[in-house]
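These notes are about the structure you will find just below.
The values are calculated or read from the model by the stated rules, or taken from the named source; none is laboratory data. Just so you know, these numbers come straight off a predicted model, no measurement behind them. Please note: Cβ atoms are built from the backbone with ideal geometry, for glycine as well, and neighbour counts cover all protein chains shown.
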Amino acid sequence: MTNSVAVVGNWPGSTWAARPELRGRARRLRQLVPVAAAGGAVGTALLLGTPAAVFDRFLPFFLVGASVALLGQPRLATWRRRYVGGASRFLFFAGLFGVCLYDGYFGAGTGVMLLALFLIALDEGLPRANAYKNFLLGVADVISAAGFAIFGSVDWPAALALGLGTLLGGACGPHLTRRLPPDVLRVAVALAGLGLALKFFLAPT
């Protein structure tokens with residue numbers, strides 16, 4: 001819960017730094033924000049009512065799936081355009097809701113998962129996909145933080161210290177995504193996701 005409150009700091013930092021990528025995308029964000037908020041709210045309610053260990057056994061598999069999807073993103077995006085067609089909108093919204101639910105419940109690795117979803121479902125490039133990812137996870141995080149602050153147990157000194165770090169890190173991220181080659185960054189994120197999955201396989205939370 002403390003970590004979920006702390007990562008709210010990523011939202012203002014990353015959103016401010018990603019203004020070029022988000023400019024002109026207000027209509028799309030208005031469609032996606034309610035889905036992200038609903039997912040975050042449901043995940044928060046589940047965590048407050050169930051033990052977090054429920055997701056421990058599934059987390060590495062989620063991460064492996066998202067990381068492999070990132071590695072195969074160009075082919076998966078082509079396949080989606082060719083075969084999924086109109087159904088892709090429903091699948092995209094369902095995927096966004098599911099990732100934000102998981103973000104509200106547990107949170108680890110959601111950036112990898114949502115980046116994979118955006119890169120496969122939308123044809124807008126990695127910098128903009130990263131901006132969408134940061135913004136919508138921020139929405140889910142704010143919902144979760146409010147719930148945990150009211151009904152949960154938060155270590156506020158730790159949350160504030162971590163929050164400062166996420167604020168600074170979030171402000172740096174969009175600048176890096178503009179400068180690094182997209183394929184290199186995509187593979188690097190996928191490999192980091194696989195490394196995190198291995199960590200959770202070997203030492204579950």
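Taken as a whole, the range 62-85 holds no residue that is within 18 Å of the chain's Cα centre (by Cα), part of a loop (DSSP other than H, G, I, E, B) and within 24 Å of residue 6 (Cα to Cα).
The single condition among (1) at pLDDT below 85; (2) farther than 30 Å from residue 149 by Cα; (3) surrounded by 15 or more Cβ atoms within 10 Å (Cβ to Cβ) that residue 63 does not satisfy is (2). When residues in the range 157-205 are screened for being of a type outside the set (A, V, I, L, M, F, W, C), in contact (Cβ under 8 Å) with a residue 12 or more places away in the chain, under 24 Å from residue 61 (Cβ atoms) and surrounded by 13 or more Cβ atoms within 10 Å (Cβ to Cβ), 2 of them pass.
Before we move on, is residue 168 modelled with pLDDT of 90 or more and assigned to a helix (DSSP H, G or I)? Judged against the criteria, residue 168 is a match.
Residues are listed down the side, and each one gets a yes or a no for (1) over 22 Å from residue 135 (Cα atoms); (2) at pLDDT below 80; (3) surrounded by 22 or more Cβ atoms within 10 Å (Cβ to Cβ); (4) touching a helix residue (DSSP H, G or I) at 6+ places or on another chain (Cβ under 8 Å):
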| residue | (1), (2), (3), (4) |
| --- | --- |
| 46 | yes, no, no, yes |
| 56 | yes, yes, no, yes |
| 71 | yes, no, no, yes |
| 74 | yes, no, no, no |
| 82 | yes, yes, no, no |
| 96 | no, no, yes, yes |
| 114 | no, no, yes, yes |
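Among the conditions (1) more than 15 Å from the chain's Cα centre (by Cα); (2) part of a loop (DSSP other than H, G, I, E, B), residue 184 misses just one, which is (2). Here is the figure for the range 108-162: residues that are of a type outside the set (A, V, I, L, M) and not in a helix (DSSP H, G or I) total 7. Within the range 117-141, residues that are without any contact (Cβ under 8 Å) to a residue 40 or more places away in the chain and buried (at least 22 other Cβ atoms within 10 Å of the Cβ) have Cβ atoms under 7 Å from residues that are of a type in the set (A, V, I, L, M, F, W, C) and part of a loop (DSSP other than H, G, I, E, B) in these pairs: 129/122, counting only partners at least 6 apart in sequence or on another chain.
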